[in-house]
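What follows draws every value from the coordinates through simple rules; no lab data is involved. Everything quoted here is computed from the prediction, not taken from an experiment. Using ideal geometry, Cβ is built from the backbone for each residue, glycine included, and neighbour counts are taken over all protein chains shown.
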Amino acid sequence: MTVGIIGLGLIGGSLAKAFQRDESVTVLGWDADHSIVEFAEIAQAIDGELTDEKLQGLDLLLLATYPEAVVEHMTRLAPLLDKTTLVIAPIVAACGVKIAKMSGRGLGHTGGTIDKMESVPGTRTALSQEEFFAQVNKIGLSVIGQSEGIAVADKKMYALRDVTATVSCIPLIASSIMSKKLASGSDAILLDVTTGTGAFMKTVDQSIELAELMVAIGTHHGRRVAAMITDMDTPLGRNIGNSLEVMESMDVLKGRGPADLTEVCLQLAANMLVLAGKGTPAECRAMAQAVIADGSAFAKCKEMFAAQGGDTRVLDDYSLFEQPAARYELLAEQDGYIVANDAEKIGSASVLLGAGRQKKGDPLDFAAGITLHKKRGDYVHKGESLATFYGAADKFEAAAAEYRSGLVYGDQKPEEAPLVYALVTKDGVERY
């Protein structure tokens, strides 16, 4: 087995020494300061220098640092928020911060970021390590599928948690999430911890408890970490589904996206830029707004898709996406305000339509999904369209029943929930 380590400081050097205990492992190292590489060889922490030519032959690559980069791995406790990656990553990259992100596929609720990306025809998400780094160095942005070599022990521990009824244990959730962030070498980590019916953490207090623990873990390991607590009682934006969410993400980058999705993305992007040392929160928000306004964020997103083989014409002309087999209008059964519109039920309905997986390996219908016309707090009249379903016609009945099971009408308009509840840093919790 050959292991490559980028960055030979305290963490990278410790990893190298640990691997050297196994005589079957060859350890190659690289650092921006070549004298550190020479010292590591003399100290027998590494077996040789990691050159560009040797990248391709590695079995495992660990990032203990990444020059001038923020390796952004936002926590996805609710896949209904995955569309934010395709907005935030290009915004931050357009502001001059390199983004190298590993994302996953979806299981339950809806597809993951990688599924959404692959709805753009031709897009490759399984890049080699050499291709991944070359792309980040060249254009400053790449989003690829998760590596099987990252946090291998965590996968085994998760299987044990599943059969011992400890999946919901907050310390184990925190350690599982942060093991992958630390192993993949993030310099600065922004965690998006969602709360509500569509999230794993159902209350704000639970979400803050999880966030504080993850921030403490990252800080202990010398990383710059912050966590935002965001609402997931109602889906962000109006589209749920793979190509549907890509379209909506592109609309945000073009400056014409839904207000709630745009606002959350701006707050997340601004906090990432703060972590990257780009300025104050107000200055960083202004930077994020500027790259949307001048079109450079959208251009950066197209550049990423093009670099990964995607047909970027669909990002300008949505009619070129795969089209759904049929459409169905879900109509209101009575007059009244929508006082509850369970996000988890909406996500489950989209899965029944084919937009997500019920079990690993299930095929996806990239064109399937839901467009919401009415959301929590809106007043509706009987017979008015609540949502449009897309997919195979034989799936509409079950999806409609699932959607309606989370829908509650009332005479009074419900109190508006905040989009962001709190920001958690090493300095404490700031509630909004």
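Estimate the FRET efficiency between residue 220 and residue 254 by the formula 1/(1 + (r/R0)^6), using the beta-carbon distance for r and 60 Å for R0, to the nearest 0.05.
Once the sixth-power term is evaluated, E becomes 0.90.
Using R₀ = 25 Å, calculate the FRET efficiency as 1/(1 + (r/R₀)^6) where r is the Cβ-Cβ separation of residue 138 and residue 311; round to 0.05.
0.80
Could you order the peptides 235-248, 413-426, 380-393 from most to least packed, using the average number of other C-beta atoms within 10 Å per residue?
Result, highest mean Cβ count within 10 Å first: 235-248, 380-393, 413-426.
How much net charge surrounds residue 406 when only other residues with a Cβ under 13 Å from its Cβ are counted (Lys, Arg +1; Asp, Glu -1)? Can you show the working numbers first?
On the way: positive: 345, 375, 376, 404; negative: 233, 342, 344, 402.
Summing Lys/Arg as +1 and Asp/Glu as -1 gives 0.
Give the calculated FRET efficiency between residue 299 and residue 412 to the nearest 0.05, with a Förster radius of 51 Å applied to their Cβ-Cβ distance. Numbers along the way, then the final one.
Details: r = 46 Å, r/R0 = 0.89.
Computed FRET efficiency for residue 299 and residue 412: 0.65.
Holding the Cα-Cα limit at 24 Å, pick out from 83/374; 101/302; 101/395; 98/375; 300/345 the pairs that are longer than that.
101/395; 98/375; 300/345
Be a star and scan segment 34-52 for residues whose amide nitrogen sits under 18 Å from the point 7 Å along the Cα-to-Cβ vector of residue 21.
44-47
Over what distance in Å are the Cα centres of segment 344-413 and segment 290-305 separated?
After rounding, the separation between the Cα centres reads 31 Å.
What's the exposure ranking of 376, 124, going from fewest to most Cβ atoms within 10 Å?
Exposure proxy ranking, most exposed first: 124, 376.
Treat every Asp and Glu Cβ in segment 343-422 as -1 and every Lys and Arg Cβ as +1, leave all other atoms uncharged, and give the resulting dipole magnitude about the Cα centre to the nearest 20 debye.
So the dipole magnitude of segment 343-422 works out to roughly 140 debye.
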